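J.: Let me begin by handing over the structure; questions about it come next.
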Amino acid sequence: MYYRLTQSVLTLHQVLRFIVDISSGMGCKNCCSICLQCLFGYETNVMLVINNKGVGALFRLIQFLIIAYVAVYVCWVQRAYQDTDSVISSVSTKVKGNILTNSSAAGVHVWDVPEYVIPPQGENTFFVLTNVIPTLGQRQSKCPEIPSEVTKCESDSDCKEGYSEVHGNGVQTGRCVQYSDTIKTCEVQAWCPLENDTVIPKPALLGAAEDFTVLIKNNVQYPKFKFRKRNILHHINSTYLKNCTFDRKTDPHCPIFRLGDMVTEAGEDFSVMALKGGIIGIFIDWNCDLDFPERFCIPKYSFSRLDNKNPENNVAPGYNFRFAKYYKTNESTETRTLIKAFGIRFDVIVFGMAGKFNIVPTIVNLGATLSFLSLVTAVCDWVMLTCMKDRDLYAKHKFIHLNQNGDSVPLSSMETTSYGTP
Amino acid sequence: MYYRLTQSVLTLHQVLRFIVDISSGMGCKNCCSICLQCLFGYETNVMLVINNKGVGALFRLIQFLIIAYVAVYVCWVQRAYQDTDSVISSVSTKVKGNILTNSSAAGVHVWDVPEYVIPPQGENTFFVLTNVIPTLGQRQSKCPEIPSEVTKCESDSDCKEGYSEVHGNGVQTGRCVQYSDTIKTCEVQAWCPLENDTVIPKPALLGAAEDFTVLIKNNVQYPKFKFRKRNILHHINSTYLKNCTFDRKTDPHCPIFRLGDMVTEAGEDFSVMALKGGIIGIFIDWNCDLDFPERFCIPKYSFSRLDNKNPENNVAPGYNFRFAKYYKTNESTETRTLIKAFGIRFDVIVFGMAGKFNIVPTIVNLGATLSFLSLVTAVCDWVMLTCMKDRDLYAKHKFIHLNQNGDSVPLSSMETTSYGTP
Amino acid sequence: MYYRLTQSVLTLHQVLRFIVDISSGMGCKNCCSICLQCLFGYETNVMLVINNKGVGALFRLIQFLIIAYVAVYVCWVQRAYQDTDSVISSVSTKVKGNILTNSSAAGVHVWDVPEYVIPPQGENTFFVLTNVIPTLGQRQSKCPEIPSEVTKCESDSDCKEGYSEVHGNGVQTGRCVQYSDTIKTCEVQAWCPLENDTVIPKPALLGAAEDFTVLIKNNVQYPKFKFRKRNILHHINSTYLKNCTFDRKTDPHCPIFRLGDMVTEAGEDFSVMALKGGIIGIFIDWNCDLDFPERFCIPKYSFSRLDNKNPENNVAPGYNFRFAKYYKTNESTETRTLIKAFGIRFDVIVFGMAGKFNIVPTIVNLGATLSFLSLVTAVCDWVMLTCMKDRDLYAKHKFIHLNQNGDSVPLSSMETTSYGTP
């Protein structure tokens, strides 16, 4: 009896049983022989072989489908045998280009990189100025607010001292003063003169910025696989880098991008976008199969607009911010030039997953599929036992019935007598 | 014999065997018929059916538990049938608000966005100034150090020329000079006059900044699922956006946040935090189940303080940094205003995983659970063969023993004669 | 017959069959008893036990190998029983240190943090100035270009009005003017005088910056596990923090790093790197096993150079950018100091995965391995049926053949008569 009990596919079962036997102290005299039998006896299923072409064909077909699914989809398409790691990235950017503008107010002015790239560092997000509303000579004083529905007034009682309107430019003094000959508005303590941003220069002052180029240096690594690579590939040399510009067809690996090209690829019109600004995403896709040689792991660039240009369902469309340059004309008085800067913010977004063969996901995926192969048997059994004309015969041989009263009904009820009662 | 050998659940086995047969050249005359038999014969386990209510109930119970676990936990709670992707995000922020301060030193001053938001761009991290220690009119020269244990001196021999103390403000000249009537300190070459930051303005100069609002525009995408969405949802229109403020109960989808509300939600007191500054995390959780319609994928906002306010186990509590505005009074001399800026840095942290039905994780999870169903049989076998009173009978019918000497001991030892020796 | 059909390991099968039975209306009188039989009857495989030491040992060996693989590799090394989450991080940095420079052009100058750390905030990327090329007193005007192959000219016809050369400093006016006594270059409208960056100061002006220290405060969280931690560990007190410096051996948990030490650990020479700048990655690895107590989850720091110093296969080696300080000498004229800033950008890159026991990956991994245990049986069967001398005997007992004509060929062909035809 010991022998039989210890014969199971699962070691857990065996170990449990074995411990029970030993601890109970029974049968200790033949412990050794039992152990050996338990360890080296081999147990295998008794199988019924049916020579039925229908069921056999069905069995093979389902088996084939599952194996094909594993081979094609799991292994080839989804690469489920791989362990994955996500990318760690470092980006530096450098814009090049100069623009000459000639406006009636400011005269001839050349804009160079330190002036139109803000902040100047060149990290993974950089902003290129395309349009400006400058307000010169601001200083702390009092002046009438820009007219709007909430700032217009008739008398001092319409204004509230110390009140700061959310969309206003300063803090009200409580007085109502002349803004122009016909309009009176509340006076505010603020940096005066106030900025008037109702009219945006059109065409954009720095619309020619589309000819600027940007060099993007991107260094990625997959720490789990100790893999490092740069977007300046091995075969690219300095001479090529000095003259190339990214082009999806002719120069797909050149890391120098013309701003106008990127905006066009994102489906936008640079001259329109330059007016009010916006955000362009520069996506660098580093998805790599590291089972292949390192040279196949190359970045794929794509561009799309990230902000919403739809005027409904939006507030403050475009992209702008205000900054100021501070001056001191003499020791005591500080003046500033306020600049409302419209422009395009470029976000370099690096993403990707690397995969490399690893035994754990392979085992998990193959093992799980193997389980499904056992489902095939269940389906075929069902077909065999319900749809075949010989189903009663099959069932008779497949199942051995053993009743509560100890009778076995082994293969067919007629033969119970042969070895029913031991 | 060929026939039998080729009957196994595993194709690997069959293929191996088949190759052996073919390559050995034996049986080549009936190759075809063997092939067909091998391909279309069907093989199924012979089962012993026991009509025992105890074991049967146990079997069903464990089966039910496993299936319930899969249905409820794996599928419903953990959504293990889904493929996942992590979020890619782009953020832009815009602060609004003005403050009037009236200090004895600086007089009446209105602070607007370009002055108190640093840097002005509005990326995913923005800083709002809440307290300042300004030092006006600094220029390169020599002056006595701020008194401290290491800078106080009696004579020139206590100071070291060229020594730069880590927490000091400049480089020592080697002279010991009068700081005040009673105190002498080492002289330093530095931007003089030195900043004295021992006394922090209290209450915070820009404590009223809690009324400022910030508009957060967040654009996310899940590249694997080609899914894009903004935090300004479809049903929100421009009119609503111009006036709303985020409120967890009444306006949970308004992307405009009052600074004071965020700090309060993070469990902090704005007026206390404004004194020395700190870091507040604005968490936007984009966890989405993309098997549901897109409109159910909405951002969830939460706020918490990220720096440590605990004074023990800390150094330089709060959040501050120094920056300077540079002026030139005449061609040759540069002066600057040094500003020690205390304030709250808001980090917009976007995270989330999207899940969508995919056949691979489904197969893997179901397959693995199916494997566990086979464990049930092992457990029930063990119960059947050890705990039941009919265990000997069951064992006799379950196991067919075949000895080394070729005798089979099939179901009970008494019946060996019936078909023991072939 | 109902009874037999409903006896399968798979409930799917049973449920299907049951529905068929009920809906067909047949056997409805004994529905109840069938149901009970179907639910509580238990079915188990009939096994053939072979007492062959070879196959038995092989079986145990493979079983042992698979179980050892699971225990050691899957559980211990890969921790496949854990659910994982990736880190969310917030970083603030603060540099300390002063440098005195004494150049013939600029005289004695002390550099403090607001001057050499750009931008001043101290976020997860900070830049420390190490070398500068200043150009003082620039204003909008016209001047001859810096001589180069493309800017040298003989006459006005060599220059093109309005042309902006990519690597140039301004927009050409179309005139050819004297640059020096012997060289003529195209005149440009630009910020004049132009910067001449052909000679880089050597040694680096702020080469002593290697003695600066930076305090890095890092706050991480794993939202899935509601886990938060800082890189200033619990056992570190304020006194220690004020004086410590990171050292891999003596102070591995001190969050204050000497710049020179980091560059050395990255395998670079600070004085060389200071000349032209570069990017250093400060990697903070927060990989944690959250099944262990929280105190074992500590950050690991490492440093490496992220940009490419190899002069071939590169463009614009090192790291530099230009920024300007703007001045107004009188109301109308704006001048600026242009600074070409070389320096080291430090990118604090926080990464890591936390794992915590979760039932789903455990089930999936164990289940999949369990499937592989069934492979063992297949291998042993193959050995048993092809390599053993008793293979015919084993095959005879393992397979019961059932022919198309209804004859069963159960264990050996000789015994067909005993219970072949029912």
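The values are calculated or read from the model by the stated rules, or taken from the named source; none is laboratory data. Here the structure is a predicted model, which is why all the values come from computation and not from measurement. A quick note on method: Cβ atoms are made from the backbone with ideal geometry, for glycine too, and the neighbour counts reach across all protein chains shown. Side chains included, ligands, DNA and RNA excluded: accessible areas come from the protein's heavy atoms. Shrake-Rupley method; radii C 1.70, N 1.55, O 1.52, S 1.80 Å.
J.: For region B:33-106, run through the chymotrypsin sites (Phe, Trp or Tyr not before Pro) and keep only the ones in DSSP coil with at most 14 other Cβ atoms within 10 Å of their Cβ.
T.: Sites meeting the loop and neighbour criteria: none at all.
J.: Out of B:R228, B:R305, B:R175, any idea which swings most in a Gaussian network model of chain B, alpha carbons joined below 10 Å?
T.: It is B:R175.
J.: List the GluC sites (Glu not before Pro) within region B:272-348 that DSSP assigns to loop and that have no more than 13 neighbouring Cβ atoms inside 10 Å. Kindly include the intermediate steps, with their values, before the conclusion.
T.: Working: sites: B:E294, B:E312, B:E331, B:E334; in loops: B:E312, B:E331.
Here the GluC sites (Glu not before Pro) that fit, given the DSSP loop and packing criteria, are B:E312, B:E331.
J.: Quick check: from the Cα gyration tensor, does the protein assembly as shown come out rounded (a/c under 1.5), prolate or oblate? Before the final figure, lay out the partial values.
T.: Numbers: a/c = 2.50, a/b = 2.49, b/c = 1.00.
It is prolate, given that a/c is not under 1.5 and a/b is the larger ratio.
J.: Okay, moving on. Shortest first and in nm to one decimal, what separations exist between B:P193 and its copies in the other chains, measuring from label points 7 Å along the Cα-to-beta-carbon line?
T.: Sorted ascending, the copy-to-copy spacings read 3.7, 3.7 nm.
J.: If I take every Cα pair under 8 Å that is 6 or more residues apart in region B:252-408, average their sequence separation and divide by the length, what percent do I get for the relative contact order?
T.: Answer for region B:252-408 is 23 percent.
J.: Within a 10 angstrom radius of each residue's Cβ in A:159-169, how many Cβ atoms of other chains show up on average? Whole number is fine.
T.: Values: counts 0, 0, 0, 1, 0, 10, 3, 10, 2, 4, 4.
Mean number of neighbouring Cβ atoms from other chains: 3.
J.: Sorting check: for B:139-152, B:213-226, which peptide has the highest mean count of neighbouring beta carbons within 10 Å, and how do the rest follow?
T.: Numbers: B:139-152: 16.5, B:213-226: 20.0.
Descending packing order for the listed peptides: B:213-226, B:139-152.
J.: For peptide B:389-400, how many partner chain Cβ atoms fall within 10 Å of a residue's Cβ, on average? Intermediate results must be reported in sequence, preceding the final value.
T.: Working: counts 0, 4, 3, 4, 6, 6, 5, 6, 9, 10, 11, 11.
Across the residues of B:389-400, the mean count of other-chain Cβ atoms within 10 Å is 6.
J.: Which residue fluctuates most in the GNM of chain B (Cα springs below 10 Å): B:N102, B:N51, B:N243?
T.: With Cα springs under 10 Å in chain B, the top fluctuation among B:N102, B:N51, B:N243 is at B:N51.
J.: Can you give the accessible area buried between chains B and C, summed over both chains, with a 1.4 Å probe, in Å² to the nearest 100?
T.: On the way: alone 26630 and 26650 Å², together 44800 Å².
Counting protein atoms only, the buried area is about 8500 Å².
J.: Carbon-plus-sulfur fraction of the accessible area of chain B, 1.4 Å probe, in percent? Don't jump to the answer; show the numbers that get you there.
T.: Numbers: 10740 of 18380 Å².
Reported share for carbon and sulfur atoms: 58 percent.
J.: Taking only protein heavy atoms and a 1.4 Å probe, what accessible area per residue, in Å², does chain C have with all protein chains in place?
T.: 44
J.: Taking a ≥ b ≥ c as the square roots of the Cα gyration tensor eigenvalues, with a/c under 1.5 meaning rounded and otherwise prolate when a/b beats b/c, else oblate, which class fits region B:358-407? Display every interim value, and only then the final one.
T.: Numbers: a/c = 6.09, a/b = 2.02, b/c = 3.02.
Verdict is oblate for region B:358-407.
J.: For B:K202, list the lysines whose Cα falls under 23 Å from its own Cα; do not include residues on the same chain fewer than 8 positions away.
T.: Counting by Cα, and skipping residues close in sequence, B:K202 has these lysines nearby: B:K276, B:K309, B:K340.
J.: Still on this structure, please answer the following. Taking the alpha-carbon distance from B:K184 and a cut-off under 22 Å, which lysines remain once sequence neighbours fewer than 8 residues away in the same chain are dropped?
T.: Cα-Cα hits under 22 Å: B:K142, B:K152, B:K160.
J.: Give, rounded to the nearest 20 debye, the magnitude of the charge dipole that chain A has about its Cα centre when Lys and Arg contribute +1 at Cβ and Asp and Glu contribute -1 at Cβ. The partial results should precede the final answer.
T.: On the way: 41 positive and 40 negative charges, 297 e Å.
Using only the charged Cβ atoms, the result is roughly 1420 debye.
J.: I would also like to ask the following. Can you check what the net charge comes to around B:V177, using other residues whose Cβ is under 13 Å from the Cβ of B:V177 (Lys, Arg +1; Asp, Glu -1)? Don't skip to the answer; put the middle values down first.
T.: On the way: positive: B:K142, B:K152, B:R175, B:K184; negative: B:E145, B:E154, B:D156, B:D158, B:D181, B:E187.
For residues surrounding B:V177, the net value is -2.
J.: What are the label-to-label distances in nm, one decimal and shortest first, from C:E294 to the same spot in the other copies, with labels 7 Å along Cα to Cβ?
T.: 4.2, 4.2
J.: Of B:A266, B:L233, B:V360, which is farthest towards the positive pole of chain B's charge dipole, taken about the Cα centre with +1 and -1 on the beta-carbons of Lys, Arg and Asp, Glu respectively?
T.: B:V360
J.: Using Cα pairs under 8 angstrom and six or more residues apart, how large is the relative contact order of region C:64-178, in percent?
T.: Values: 98 pairs, mean separation 15.2, N = 115.
For region C:64-178, the relative contact order is 13 percent.
J.: Something else: Rg and Dmax of chain B, using alpha carbons, in Å: what are they?
T.: Values for chain B (Cα only, Rg and Dmax): 39.9, 122 Å.
J.: Among C:268-279, B:362-373, what's the highest-first ranking by average C-beta atoms within 10 angstrom per residue?
T.: Details: C:268-279: 20.3, B:362-373: 22.6.
Answer by packing, highest mean first, reads B:362-373, C:268-279.
J.: In debye, nearest 20: dipole of the protein assembly as shown around its Cα centre with unit charges on the Cβ of K, R (+) and D, E (-)?
T.: Values: 123 positive and 120 negative charges, 527 e Å.
Here the size comes out at about 2540 debye.
J.: Find which of B:Y163, B:L61, B:G343 sits farthest along the positive direction of the dipole of chain B, computed with +1 on the beta-carbon of Lys and Arg, -1 on that of Asp and Glu, about the Cα centre.
T.: So the residue furthest toward the plus end is B:L61.
J.: Let me ask something else about it. Quick check: pseudo-label points 7 Å beyond the Cα along Cα→Cβ at B:V108 and A:V150, how many nm apart are they?
T.: 2.2
J.: Over chain B, what is the mean sequence separation of C-alpha contacts under 8 Å (at least six apart), divided by residue count, expressed as relative contact order in percent?
T.: Details: 732 pairs, mean separation 74.6, N = 422.
Relative contact order of chain B: 18 percent.
J.: Let me confirm one metric for peptide B:205-218, namely the mean number of other chain beta-carbon atoms within 10 Å of its residues' beta-carbons.
T.: Details: counts 0, 0, 0, 1, 0, 0, 2, 2, 1, 0, 2, 0, 8, 1.
Per-residue shielding by partner chains comes out at 1.
J.: Right, another one. Counting other Cβ atoms within 10 Å of each Cβ, which trypsin sites (Lys or Arg not before Pro) in region B:345-392 have at most 11 and sit in a DSSP loop? Intermediate values should be presented prior to the final figure.
T.: On the way: sites: B:R345, B:K356, B:K389, B:R391; in loops: B:K389.
Answer by residue number: B:K389.
J.: Between region C:110-173 and region B:293-333, what's the alpha-carbon centroid distance in Å?
T.: 31
J.: Taking only the C-alpha atoms, wrap a convex hull around region B:306-382 and report its volume per residue in Å³ as a whole number.
T.: Numbers: hull volume 20.8 nm³, N = 77.
Dividing the Cα hull volume of region B:306-382 by its residues yields 270 Å³.
J.: Filter chain C for me: DSSP H helices, axial length by Cα at least 30 angstrom, mean Kyte-Doolittle hydropathy not below 0.0. List them by residue number. It would help to have the intermediate numbers written out before the result.
T.: Values: long enough: C:359-386 (41 Å, 1.62).
Membrane-span-like by this rule: C:359-386.
J.: Do the sum for chain C: with -39,500 (n - 2.57) for every DSSP H run of n ≥ 4, divided by all residues, what is the mean residue ellipticity at 222 nm, to the nearest 500 deg cm²/dmol?
T.: Details: 11 runs with 109 residues, N = 422.
One gets -7500 deg cm²/dmol as the mean residue ellipticity at 222 nm.
J.: Could you pull out every one of the aspartates and glutamates with an alpha carbon less than 20 Å from that of B:K389, ignoring same-chain neighbours closer than 8 positions?
T.: A:D21, A:D407, B:D381, C:E43
J.: What residue among C:V70, C:H109, C:S90 has its Cα farthest toward the positive end of the dipole of region C:67-123, where the charges are +1 on Lys, Arg and -1 on Asp, Glu, each on the Cβ?
T.: Towards the positive end, the residue furthest out is C:V70.
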